[in-house]
Amino acid sequence: MSKIAAEKVREFRAEAKFQRTSPQKAKLVLDTIKGMRVEQALNTIHFSTKRIAPVVEKVLRSAIQNANYLSQEQGLDVDVDNLYVRTAVANEGPRMKRIRPAPMGRAFRYQRRIAHIIVTVAEKKQPASAAAATPAAPAVKAKGKPAAKKTAAKKIPAKKAPAKKAAKKTAAKAAK
């Protein structure tokens, strides 16, 4: 066994099952918040114009409350301000089969899709070295030269487009 034990990241999840929208439409909203911090994800969803956005916001808030509740109940040290959206998926639920009247006494079948929305949040761990380190002092100038000149990249000259007039003249001569 190694001396360094991998610290398990605690996840908190919430689900909204049997939502009357297609999983494809729900994924449009969920893909915008994946990997975001919780506060930023809530703002993004709040200003979304999609019809499913309030449901996704409710699921995300539920996942945050689950994290808060479990941290208090189990004595875990979870910082709610440090949570981020780890996964956000919309799975397909059972389809409802419906019939639409068609011309000449016929009937067309169609399916209403249902989505199961699952959001998982986790705490973003700070690296031990970064948390303990203090902000670094600014770079010291050596021999009166500014530090910015050492790291400045060279300017690359812009490429010029080929002259169109010369191409037209050569094409005209070749045609004669």
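The values are calculated or read from the model by the stated rules, or taken from the named source; none is laboratory data. Since the structure is predicted, the reported quantities are computational estimates derived from the model, not experimental observations. Quick reminder, even Gly has a Cβ in these numbers, built from the backbone with ideal geometry, and neighbours come from all protein chains shown.
Laid out as a table, the results:
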quantity: Test: residue in region 99-112 that is touching a residue at least 40 places away in the same chain (Cβ under 8 Å) and over 14 Å from the mean Cα position of the chain (by Cα); calculated: yes
quantity: Flag if ALA139 is modelled with pLDDT under 95 and either of a type in the set (A, V, I, L, M, F, W, C) or surrounded by fewer than 10 Cβ atoms within 10 Å (Cβ to Cβ) (or both); calculated: yes
quantity: Members of region 69-83 that are more than 15 Å from ALA41 (Cβ to Cβ), surrounded by 14 or more Cβ atoms within 10 Å (Cβ to Cβ) and not small (Gly, Ala, Ser); calculated: LEU70, VAL78
quantity: Qualifying residue in region 12-31 (condition: surrounded by fewer than 18 Cβ atoms within 10 Å (Cβ to Cβ) and closer than 17 Å to VAL80 by Cα); calculated: yes
quantity: Filter result (more than 26 Å from TYR69 (Cα to Cα) and surrounded by 13 or more Cβ atoms within 10 Å (Cβ to Cβ)) within region 33-51; calculated: SER48, LYS50
quantity: Residue count for region 108-136, restricted to those that are part of a loop (DSSP other than H, G, I, E, B) and either at pLDDT 95 or above or not polar (S, T, N, Q) (or both); calculated: 8
quantity: Some residue of region 68-75 being under 21 Å from the mean Cα position of the chain (by Cα) and in contact (Cβ under 8 Å) with a residue 24 or more places away in the chain; calculated: no
quantity: Out of LYS8, LYS50, sole residue that is without any contact (Cβ under 8 Å) to a residue 40 or more places away in the chain and closer than 17 Å to VAL119 by Cβ; calculated: LYS50
